[in-house]
Amino acid sequence: MKCQIVPRVARRPRSYLDRSRALLRWPVVLIDAIFLWLERNRQRRLLHGLSNHMLKDLGLSRADIDQECGKYPWQN
């Protein structure tokens, strides 16, 4: 059985890599969350603008829409 030797320079502690990736990742996560909130807000406004006839076709009532439109953008 052969032993493989890995140069010390090629290895870095995993914790260092994880921390650096996390620091670079948080702005992307934040921007993604903001875009998701804006999209939810847009969809709720569109739902609120539908007529009762269109809501009936979708199987929703005006009370359902009012409840959904009363949520904050970050609420699912």
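Only the coordinates and a few stated rules stand behind these numbers; no lab work does. What you see is a predicted model, and the numbers here were worked out from it, not measured in a lab. Here the Cβ positions follow ideal geometry from the backbone for every residue, glycine too, while neighbour counts run over all protein chains shown.
Which pairs turn up if I take residues in the range 26-38 that are in a helix (DSSP H, G or I) and look for partners that are surrounded by 10 or more Cβ atoms within 10 Å (Cβ to Cβ) with beta carbon separation below 6 Å, at least 6 apart in sequence or on another chain?
Listed by first residue and then by second, the contacts come to Trp37/Pro73; Trp37/Trp74.
Give all pairs with beta carbons closer than 8 Å in which a residue from the range 65-76 that is among the basic types (Lys, Arg) meets a residue that is surrounded by 10 or more Cβ atoms within 10 Å (Cβ to Cβ); count only pairs at least 6 apart in sequence or on separate chains.
From residues that are among the basic types (Lys, Arg), the pairs are Lys71/Arg44.
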